[in-house]
C-alpha cells in the first residue's frame, strides 16, 4: 500500500527515510512511501535483465548497468525535491562520464 504525503522534502529527508528501510519516491513534490517488498518473480525478472544487459554493456564497453539502490533526483533542488526515483535498473553510458571513470567493482 502506498501513502502519499504533501510536504517539502529535502535530500537529507530522503536519506533519513531510507535508513528506515522504506521505499521512497517523490512525484511533483509529493512524498510516496511504500513497503520495500516485491514478489520473487519481480526479483528474478530484474536479475535476468541485469545479466543480459550487463554482459552486453560490459563486452562492448558502453558504460555501467546498476541494479536497484541508486536514487535519481530529477527535479527540484536539494532543499526542495520535486521528483526522485529509484529504478529497478539503471544504465550509465560512458559518454556521460569523464575519461577513465569506472564505478567501484
When residue 74 is run through (1) out of contact with any helix residue (DSSP H, G or I) (no Cβ under 7 Å at 6 or more places or on another chain); (2) surrounded by 13 or more Cβ atoms within 10 Å (Cβ to Cβ); (3) not in a helix (DSSP H, G or I), the failure sits at (2)
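Of the residues that sit in segment 11-67 and are at positive phi and at pLDDT 80 or above, which one is surrounded by the most Cβ atoms within 10 Å (Cβ to Cβ)? Steps first, answer last, please.
Let us first name the residues in segment 11-67 that are at positive phi, namely 21, 28-29, 61, 63.
Checking the rest, the ones that are also at pLDDT 80 or above come to 28-29, 61, 63.
Details: 28: 9, 29: 15, 61: 7, 63: 18.
Ranking the qualifying residues of segment 11-67, first place goes to 63.
The values are calculated or read from the model by the stated rules, or taken from the named source; none is laboratory data. From a predicted model like this one, the values you see are computed outputs, not experimental measurements. Glycine gets a Cβ as well: all are built from the backbone with ideal geometry, and neighbour counts include every protein chain shown.
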